[in-house]
1. For segment 14-147, what is the relative contact order in percent, using Cα pairs closer than 8 Å and at least 6 residues apart in sequence?
2. Which net charge results when you count Lys and Arg as +1 and Asp and Glu as -1 among the other residues whose beta-carbon is under 14 Å from that of Asp706?
3. Give me the dipole magnitude in Debye, nearest 20, for segment 731-822 about the Cα centre, with unit charges on the beta carbon: positive for Lys and Arg, negative for Asp and Glu.
4. Could you rank the peptides 98-104, 75-81, 377-383 by their average count of other C-beta atoms within 10 Å per residue, with the highest value first?
5. By the gyration tensor of its Cα atoms, with a ≥ b ≥ c the square roots of the eigenvalues, what is the shape of segment 683-819: rounded for a/c under 1.5, prolate for a/b over b/c, or oblate?
6. How much length is gained if the chain between Lys10 and Asp327 is pulled fully straight, taking 0.36 nm per residue apart and subtracting their Cα-Cα distance, in nm to one decimal?
7. Could you give the nm distance between label points at Asp561 and Ala740, where each point is 7 Å from its Cα heading toward the beta carbon?
8. Tell me the label-point distance for the pair Leu52, Ser642, using the 7 Å Cα-to-Cβ offset, in nm and rounded to one decimal.
Amino acid sequence: MPKNSFYMFKYKDASFYTSYFEKLPEFKVIEEFKKSDDEEEKNLYVGMVEVLNTVHPLVIRVEIPEMFPHMKLTFRTKSIGGYPHLIHTGKIKYGDWFCLNTPFAETPEGQLEQECMRLKEWIHHQLREDLPPFIKDRDVAMSLLFANAYDWENPDEMNEFSSKAFLTFVGEHFQDSDNFKAETGHFNCIKTHDNRYYVIKDKAFSNFEVPYIIVDELPKSNDTLLDFIALKEQYGWDDTICKRLLPKFNTQEWRLGMSVPLEVLKHNTTIGEEEALNMIQRFREELSKEESYLPGLMTSSNTSSKESAHPLYVLPTLKPLIAEKLDELEKRVKKDKGVKIDFGPDWNTEEGAKYWDEFDYWNEIGVYKLQPFVLGIKDGKRILWIVLATNEASGLYEKNHYDFFWGIEILRLEKLVSYGLRRFKPEIVTEKLFFGRGAFSNRLTEMKIAIVGLGAIGSTLAETLARSGVCKLNLWDSDIVEPGNICRSAYDVRDLGESKVVALARIIHAINPICEIESVIENGQWCEFSALDVRYINGAFYGDINYDDQQKAIDKIKGQDLIIDCTGSNEILHFLSYAVPESHIISLCITNHANELLCVSSRDGNPFELRKAYLSRIEQDTKNFYLEGSGCYSPTFLATSSDIVSLVNLAARELNKSVEQGSLPHSTIWSHDRRGVVADQLTTYKLEGYDIRMTISSETIYDGEDMGDSSTGQIGYLLGSYSKDGLLIMVTHIIDSFNAEKVLKDAFKTSNGIIDYIGDYQYSGADVGTYSSKSFDIIAGKAADMSINTCNPLLAVRNPDRTMSFFLYINKKLVPFVMEVS
């Protein structure tokens, strides 16, 4: 066993985190950690720390969930802004959050060390003396983002933040100018909950249209591109084209604006009918003159409401609009027998504050709602697309204000002189990204099965189970369907932007209409706080174990007959392995390039410990796990649909066979090679007289049996790891004694210390299942050697018939292992 094998899983309290940061020389605790008083922050410890000796003063709000490290820690700050991987979204009132992509470290202490290390690396890489604390120039911020990708790589990282395109073209069809015969038209789009747009060819799947226009020359300048009026003038767009691109765009030279009562903040006002009609008549007489002047807006708020306002010249082009307004006012005066303006409740009262807050909120939503259109610029046969969007609040107007009835009615005439545009770079998803009979046993089809994680593996497995007659499925996920999911998952284009749980439930019901599906998104929903701040709230178990009531979620999943983890997430499997250890758990994960699928089963021990050990023996290629140019981690694997479906279905087939025989399958590494499909299954041994087990794969045993003889008696060495509680020994390698030291060092380094020396491989005694006195002395010596990281080494022996037997040195004896009967 390891020298310190005692392990207990336990969450920490607020005082622990205060003490931790107080001991770090780089930090100063400003506010001690305590449970948050914010109603929106349940089960969250919050503290304030200052990072010392930084280029710019840096105060950070540290948010640590009670279930840390199974829930992610968040660093937020108001000290700086606009830097790469400092995200301006979510709980804005507490500042922007750092996207650090921190790997999982199993314990609160280890996770804090990782988080602080990543934060310090971010500060070192991003903060510079030649940059201000707040970067407001968007071009500078974007250039920094693409120039400062993360340089760390770790397969344990989770995708914390993904920058999603505002508009995405699905397919290369849209890049060829030959596919567009008209210069204007509309794209068929799927508009998502969070106001993103996916452009598709087939109108049958569309729920929204986005207008486009194609031009032959580049805009004159970047300023031209960011102003609709300038584009209109350069390309000679008429009113019809302008209205098609921006339906709310007003092309009139001058127009009537909103009439605003000047006295809205003072008092309610009444003017008699006769007095009001006389004033209207005087205005008409003034308008009939060749040069007309009407009362302009009073500039001093202290001026009496009945003092004369300064005269304002009336342009001839404005006279028809003013006359139209006077006709409207005359009708209103005659109907109301005068002018009586009720401005609503006083906003200084509670009723008034509520009234005006609601008015301002809904007005803001309408005014700031983005209207997109797409500008296409021909470049030979290709088209460069630029997404442009604006809203009513983006217009800049030349304005004239005329004061009627001493401030009761203000007539605003306005002329649009500039219409600002926001520019977005569209994403183009190429076509390359898009490309029964017989039920399982009754024992399996009658089981309640939870599938956690509905990506490529989970959705494929769920579809297979549904087609094979499983009628009780519990689906767990919080993600949405993206274009890149479709080429190798169960989803199709109709599901873009939809919750994976909702989409997969629809697919399964189309396959197996009698299937009972419990969809677990933990009541997640899209919520629009403003037009530019749309969030998916109330997260889910999968992704961050982020639910309000931990015990409720545990009880829900404990009620399942079988839990299948398809996330590839260390956090999720670690949590399941310790939170519900009595449950039947299987974990499926595929290595990069789909060379192997690792199916880990709780039949053989703690699933997290097993996967950690045996995944480390498989070569991993993580170079494709990062989004180019951003550094944000996007863990996925290179594999075709046939790779995933074939390997997942092999695992599903083995699951059915084992359950039919009354047990879970043994853990197995499924792979393809020249010999065909290889099922490298774990064999479990039990130590006589002890509750200690050992696992070893069949391919590892074959490696040991195939090794050549040794003149020294030392055939090779055993590599592997021990579980945290010391009750499971996982043999991952048997290596030849030749060049063993280099192989051991390489395995230790590549696995980050998971794989280490755990025993010897020597010849047996005279009979099968025995060992020599020399072997005993060697193993006893290694157990006493404190430089070797085990006081309970293994001994594997080669029997006279070339089979292998295993012993464990414990209590100064070599005790044999006995193979458990399947």
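What follows draws every value from the coordinates through simple rules; no lab data is involved. These figures come from a predicted structure and were not determined experimentally. Cβ placement follows ideal geometry from the backbone for every residue including glycine, while neighbour counts extend to all protein chains displayed.
1. Values: 212 pairs, mean separation 22.5, N = 134.
Relative contact order here is 17 percent.
2. On the way: positive: Arg798, Arg802; negative: Glu699, Asp703, Glu705, Asp709, Asp736.
Taking every Cβ under 14 Å from that of Asp706, the sum is -3.
3. Working: 9 positive and 10 negative charges, 25 e Å.
Dipole magnitude for segment 731-822 comes out near 120 debye.
4. Details: 98-104: 22.9, 75-81: 18.7, 377-383: 13.0.
By packing density, highest mean first, the sequence is 98-104, 75-81, 377-383.
5. Working: a/c = 1.28, a/b = 1.07, b/c = 1.20.
Rounded, because the longest to shortest axis ratio a/c is under 1.5.
6. On the way: separation 317, 0.36 × 317 = 114.12 nm, distance 7.74 nm.
The Lys10-Asp327 span can extend by a further 106.4 nm.
7. The two pseudo-label positions are separated by 4.7 nm.
8. Label at Leu52, label at Ser642, 6.2 nm between them.
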